[in-house]
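S.K.: Below is one structure. I have some questions about it.
The values are calculated or read from the model by the stated rules, or taken from the named source; none is laboratory data. Just so it is clear, the model here is predicted, and its values are computed rather than measured. Positions of Cβ are generated from backbone atoms using ideal geometry, with glycine treated the same way; all protein chains shown enter the neighbour counts.
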Amino acid sequence: MDVEAARYLGAGLASIALIGAGVGIGIIFGNYLSGALRNPGAAQGQFTNLLVGFALCEFTGLLGVVMAFIILFT
Amino acid sequence: MAASPMEQFEVRPIVPLHIGNLDISFTNASLWMCIVAAAAALFLTMGASGRRLVPSRMQSITEMSYVFVADMIRSAAGTEGLKFFPFVFTLFIFVLFSNFLGLFPLAIFPNVHPFTVTSHIIVTFALAFFVFLMVIMVGIARHGLRFFSIFAPKVPLPMLIILIPIEIVSFLSRPISLSVRLFANMLAGHTMLYVFGTFVIGLAAAGGVLSFVSIAPFLAIVAVAALEFLIAFLQAYVFAILTCIYLNDALHLHDHH
């Protein structure tokens, strides 16, 4: 296989990491919402934890994107 | 056809300056960093200049951002964390303004090339590394060598063998995760907007029924741009709140929270 083609394939494969980030962010917000609907009083206090969880989860997917960019543009 | 979607991130020298082999040219990145700082300073001084009992619109925005950051620090790092209010506020406002200014459609004016400072890893890494060093210095100044107990949570001894290396790696990866998150979000967001925008323009230029159809993706882009504004704010918030959480670790070790 020619290197250029392999590079595009690799970048595409690296972007698969975003599937996990999407699922993870969905789980985090979904569970936050169901928890918040059960106990709206405690919801506000957990908002920080929600965003921290979101940020940590998103990071794993973004590493894949950065990898794709590195493969494509270096 | 249009230029590469990466062209918008190019750093071009405006005033070339060289000292020996060192390239310290004044680039568009430096220019936009100055613009961000000036815009933030202007915005906040304008808001704070009136000091009326019943605030004007500008004053209430300034007050809201002040209270917002103060509440964030108080909830994440306790009252002691408020000593670091000026630092966290500056960080938050700088990241927020550079994210927002990069999103404004200034390119409609001729010869204006908007540039997002935070879409460059070196900028975000410098900010994150500064936070990292400050957390270590605050921790050591406050607790002395006891600061290193941050790597040893209160668990049974056999667990420590596994946990200490994990804690050390997670501590050392903080500046990387903090900077890569912001940088990758900005880079990916701007690239996405550019790619979608090229698609709509291509469709509209195709003529006939295709030009008419291009209204639908155009409306979708408006929604995506709105989402980008949300992400720009959220990333600035996440950057600031993680700084507070790291500060909390340094201030209180594992004592509470």
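S.K.: Any chance you could count how many residues in the stretch B:156-197 are assigned to a helix (DSSP H, G or I), free of Cβ contacts under 8 Å to residues at least 40 places away in the same chain and more than 13 Å from chain A (Cβ to nearest Cβ)?
M.R.: Let us first name the residues in the stretch B:156-197 that are assigned to a helix (DSSP H, G or I), namely B:157-172, B:174-197.
Those left that are additionally free of Cβ contacts under 8 Å to residues at least 40 places away in the same chain: B:157-172, B:177, B:184, B:188, B:192-193, B:196-197.
Pick out the ones that are also more than 13 Å from chain A (Cβ to nearest Cβ) and you get B:157-169, B:171-172, B:193, B:196-197.
Matching residues across the stretch B:156-197 total 18.
S.K.: If the requirement is being away from every other protein chain (no Cβ under 14 Å) and modelled with pLDDT of 90 or more, which of these qualifies: B:F100, B:F125, B:F68, B:F148? Even if it seems obvious, please write down each step before you answer.
M.R.: Working: B:F125 fails: away from every other protein chain (no Cβ under 14 Å); B:F68 fails: away from every other protein chain (no Cβ under 14 Å); B:F148 fails: modelled with pLDDT of 90 or more.
B:F100 is the lone residue from the list that is away from every other protein chain (no Cβ under 14 Å) and modelled with pLDDT of 90 or more.
S.K.: Restricting to the stretch B:1-58, name every residue that is closer than 20 Å to B:V112 by Cα, of a type in the set (G, A, S) and assigned to a helix (DSSP H, G or I).
M.R.: The initial filter retains those residues of the stretch B:1-58 that are closer than 20 Å to B:V112 by Cα, namely B:2-16, B:25-40.
Those still in the list that are of a type in the set (G, A, S) too: B:2-4, B:25, B:29-30, B:37-40.
B:A29, B:S30, B:A37, B:A38, B:A39, B:A40 - these are the residues of the stretch B:1-58 that are closer than 20 Å to B:V112 by Cα, of a type in the set (G, A, S) and assigned to a helix (DSSP H, G or I).
S.K.: Separate question: Conditions first: (1) out of contact with any Lys or Arg (no Cβ under 8 Å at 6 or more places or on another chain); (2) in a helix (DSSP H, G or I). B:P110 passes all but one, so which condition is the exception?
M.R.: With respect to (1) out of contact with any Lys or Arg (no Cβ under 8 Å at 6 or more places or on another chain); (2) in a helix (DSSP H, G or I), B:P110 is out only on (2).
Yes or no, residue by residue, for (1) of a type in the set (V, I, T); (2) surrounded by fewer than 18 Cβ atoms within 10 Å (Cβ to Cβ); (3) more than 14 Å from B:L91 (Cα to Cα):
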position: B:A204; (1), (2), (3): no, yes, yes
position: B:S211; (1), (2), (3): no, yes, yes
position: B:E228; (1), (2), (3): no, no, yes
position: B:I241; (1), (2), (3): yes, no, no
position: B:A250; (1), (2), (3): no, no, yes
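S.K.: Quick test for you: out of B:I122, B:I166, B:I150, pick the one residue that is within 23 Å of the chain's Cα centre (by Cα) and of a type outside the set (S, T, Y). Spell out the reasoning first.
M.R.: Working: B:I166 fails: within 23 Å of the chain's Cα centre (by Cα); B:I150 fails: within 23 Å of the chain's Cα centre (by Cα).
Exactly one of B:I122, B:I166, B:I150 is within 23 Å of the chain's Cα centre (by Cα) and of a type outside the set (S, T, Y), namely B:I122.
S.K.: Suppose we keep only residues that are away from chain A (no Cβ under 14 Å), of a type in the set (A, V, I, L, M) and in a helix (DSSP H, G or I) within the stretch B:234-255. Which one would you say is farthest from B:K83 (Cα to Cα)?
M.R.: Just the residues of the stretch B:234-255 that are away from chain A (no Cβ under 14 Å), to begin with: B:250-255.
Still in the list and also of a type in the set (A, V, I, L, M): B:250-251, B:253.
Now drop any that are not in a helix (DSSP H, G or I), which leaves B:250-251.
Numbers: B:A250: 13, B:L251: 11 Å.
Taking the candidates together, the pick is B:A250.
S.K.: Could you tell me which residue of the stretch B:76-87 is surrounded by the fewest Cβ atoms within 10 Å (Cβ to Cβ), considering only residues that are away from chain A (no Cβ under 14 Å), touching a residue at least 24 places away in the same chain (Cβ under 8 Å) and hydrophobic (A, V, I, L, M, F, W, C)?
M.R.: B:F87
S.K.: Now for a different question. Could you tell me whether B:V209 is without any contact (Cβ under 8 Å) to a residue 12 or more places away in the chain and either farther than 30 Å from B:T116 by Cβ or of a type in the set (D, E, K, R) (or both)? Steps first, answer last, please.
M.R.: Details: without any contact (Cβ under 8 Å) to a residue 12 or more places away in the chain: yes; either farther than 30 Å from B:T116 by Cβ or of a type in the set (D, E, K, R) (or both): yes.
So B:V209 fits the description; yes.
S.K.: Moving on to the next point. Pull up the stretch B:99-153, narrow it to residues that are touching a residue at least 60 places away in the same chain (Cβ under 8 Å) and among the aromatic types (F, W, Y), then point me to the one that is surrounded by the most Cβ atoms within 10 Å (Cβ to Cβ).
M.R.: Ranking the qualifying residues of the stretch B:99-153, first place goes to B:F115.
S.K.: Here's something else I'd like to know. Just checking, does the stretch A:26-40 include any residue being away from every other protein chain (no Cβ under 14 Å), more than 24 Å from B:L230 (Cα to Cα) and out of contact with any Leu (no Cβ under 6 Å at 6 or more places or on another chain)?
M.R.: Kept after step one, since they are away from every other protein chain (no Cβ under 14 Å), are these residues of the stretch A:26-40: A:26-27, A:30-40.
Applying the additional criterion that residues be more than 24 Å from B:L230 (Cα to Cα) yields A:38-39.
Retained after the next criterion (residues that are out of contact with any Leu (no Cβ under 6 Å at 6 or more places or on another chain)): A:38-39.
Yes, there is a match, as at least one residue in the stretch A:26-40 is away from every other protein chain (no Cβ under 14 Å), more than 24 Å from B:L230 (Cα to Cα) and out of contact with any Leu (no Cβ under 6 Å at 6 or more places or on another chain).
S.K.: If a residue has to be within 25 Å of B:V123 (Cα to Cα) and either in contact (Cβ under 8 Å) with a residue 40 or more places away in the chain or exposed (fewer than 13 other Cβ atoms within 10 Å of the Cβ) (or both) to count, how many in the stretch B:49-75 make the cut?
M.R.: 3
S.K.: May I ask you to verify whether B:A216 is without any contact (Cβ under 8 Å) to a residue 60 or more places away in the chain, out of contact with any Lys or Arg (no Cβ under 7 Å at 6 or more places or on another chain) and surrounded by fewer than 19 Cβ atoms within 10 Å (Cβ to Cβ)? Steps first, answer last, please.
M.R.: Values: without any contact (Cβ under 8 Å) to a residue 60 or more places away in the chain: yes; out of contact with any Lys or Arg (no Cβ under 7 Å at 6 or more places or on another chain): yes; surrounded by fewer than 19 Cβ atoms within 10 Å (Cβ to Cβ): yes.
For B:A216, the condition - without any contact (Cβ under 8 Å) to a residue 60 or more places away in the chain, out of contact with any Lys or Arg (no Cβ under 7 Å at 6 or more places or on another chain) and surrounded by fewer than 19 Cβ atoms within 10 Å (Cβ to Cβ) - is met.
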